[in-house]
Amino acid sequence: PHLAALVLARGGSKGIPLKNIKLLAGVPLIGWVLRAAIDAGVFHSIWVSTDHDEIEKVAKQFGAQVHRRSPEVSQDSSTSLEAITEFLNHHREVDIVGNIQATSPCLHPSDLIKVADLIQKEGFDSVFSVVRRHQFRWSEVKKGENKMTEPQNLNPAKRYRRQDWPGELYENGSFYFAKRHLIEKGYLQGGKMAYYEMRAEHSVDIDIDIDWPIAEQRVLSFGYFGKEPLKEVKLLVCSIDGCLTNGRIYVTEDHKEMVSYDYRDTVGIDLLKKRGIQVRLISDRDCSKTLSAMQLGCVAKVNVTNKLQVLKDWQEDMGLSWKEVAYLGNEESDVECLKQAGMSGVPADACAAAQKAAGYICKSRGGCGAVREFAEHIFLLLEKVNSARKQ
């Protein structure tokens, strides 16, 4: 049977405009679940249903196909079932739909693999995700009612200790898998049903996690970053023009060049060095005088015609794996380096090709704190590496 992953991503959002492609920990929100779906390797096709050009562009960058949904199922009042049904009407080859929520960025491929087995091998008609919670519920007393609240799932005289109570299962909204015949009858859950219990730390829902920075911290701690395990970064290579500087060159009347840079970026470089991470700089043009004036104390290579070859030479000389190399670039000449490095980033104003190749897109522009921001991102991921080692 043809199993299709389907992510519903309207352009409209009452809370956060274009929330589905807003950067979360440097990655468009929808990118987290698409990466997990692709790496799971269980889907015959992976789709994003959207009504918006920018969402379509991001979906294709992450390797998904796009179904352009109609205006009729793109309203605030439209239901997921309506959008899924429309998708099935246009794709008769699909037998099973795995509806994955874009707002669940801590989804892992291992979860999707197990769910695919439940519905393909064990014969379930529908499977949905749940999380176990240990929360005591009480009845609601509306204003003006003359009555007392009542316990719903506990005896106040014998309150359970957390370790003595198994808790309760709640839908966490991460995914809903269902067979075509069930959806065509108007159900996402029905027939022979099963739930799949996800780990609590993986149950991050952006619709509930109103504070975006808190959601980012949880994703950095528990999100899925790819098939290969993260390694500690030992080298950061940074493109000078457009990353360390804003790319502008000021020329005086006596033909001298001047550039500007952000002091925060020099602090970021110093912090990286203190953590034992080498920082090296690279440029297409000869800016040796500028570097000398900046006094950064970094190895640099200028007038470079092949940045990837220089990067490979540095990596081999230091005896590093690619997973131990980070690269910050912003132009088309940086694209191959961004693809090769284990950790890659670009400033917010990088060219489209560089943004597509990068794993992290800074909020800061080039020459305006992007290096410092990328350094902070590296530090957060190093914490994740160290945590994994301790476990």
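Calculate one ³J(HN,Hα) per residue across region 332-337 by plugging θ = phi - 60° into the Karplus curve 6.51 cos²θ - 1.76 cosθ + 1.60, and present them in order as whole Hz with x for glycine and proline.
4, 5, 9, 4, 5, 5
At 1.4 Å probe size, with the rest of the protein present, what percent of the exposed accessible area of the chain is carbon and sulfur atoms?
Answer for the chain is 48 percent, counting heavy atoms of protein chains only.
Which of the peptides 70-83, 167-180, 318-331, 262-275 is most tightly packed, and how do the rest follow, judged by the mean count of other Cβ atoms within 10 Å per residue?
Top of the packing list down: 318-331, 167-180, 262-275, 70-83.
Pop out the Kirkwood hydrodynamic radius of the chain from its pairwise C-alpha distances, inverse of mean 1/r, in Å to one decimal. If you can, show how the numbers build up before the last one.
Values: mean 1/r = 0.0425 Å⁻¹.
By the Kirkwood definition, the hydrodynamic radius is 23.5 Å.
Rounded to the nearest angstrom and ordered from largest down, what semi-axes does the equivalent ellipsoid of region 235-389 get from its C-alpha gyration tensor (root of 5λ)?
24, 16, 16
Using the Karplus equation 6.51 cos²θ - 1.76 cosθ + 1.60 (θ = phi - 60°), what ³J(HN,Hα) coupling, rounded to whole Hz, does each residue of region 142-159 give in order, writing x for Gly and Pro?
Listing the rounded values in order: 6, 4, x, 7, 9, 8, 9, 6, 10, x, 9, 9, 7, 10, x, 6, 9, 5 Hz.
In whole Hz, with x marking every Gly and Pro, tabulate ³J(HN,Hα) for region 21-30 from phi via Karplus 6.51 cos²θ - 1.76 cosθ + 1.60, θ = phi - 60°.
Once θ is set to phi - 60°, the couplings for region 21-30 become 10, 5, 5, 10, 6, x, 10, x, 3, 5 Hz.
Mind grabbing the accessible area of MET258 for me, 1.4 Å probe, Å², rounded to tens?
Its accessible surface works out to 100 Å², give or take rounding.
Sequence-distant or interchain residues sharing an amide H contact under 5 Å with VAL66, placed H: which?
Those lying under 5 Å, H to H, from VAL66 are VAL48.
Taking H placed 1.01 Å from N in the peptide plane, check which residues at least 5 places from SER174 or on another chain put their amide H under 5 Å from its amide H.
SER129
For LEU6, what residues show an amide H to amide H distance below 5 Å, using hydrogens built from the backbone and excluding near sequence neighbours?
Long-range HN contacts for LEU6: TRP47, GLY98, ASN99, ILE100.
The values are calculated or read from the model by the stated rules, or taken from the named source; none is laboratory data. Computed from a prediction, not measured in an experiment: that's the story for all the values here. Cβ: placed from backbone, ideal geometry, glycine included. Neighbour counts: every protein chain shown. Calculation scope for accessible area: heavy atoms of the full protein, side chains included, ligands and nucleic acids excluded. Shrake-Rupley method; radii C 1.70, N 1.55, O 1.52, S 1.80 Å.
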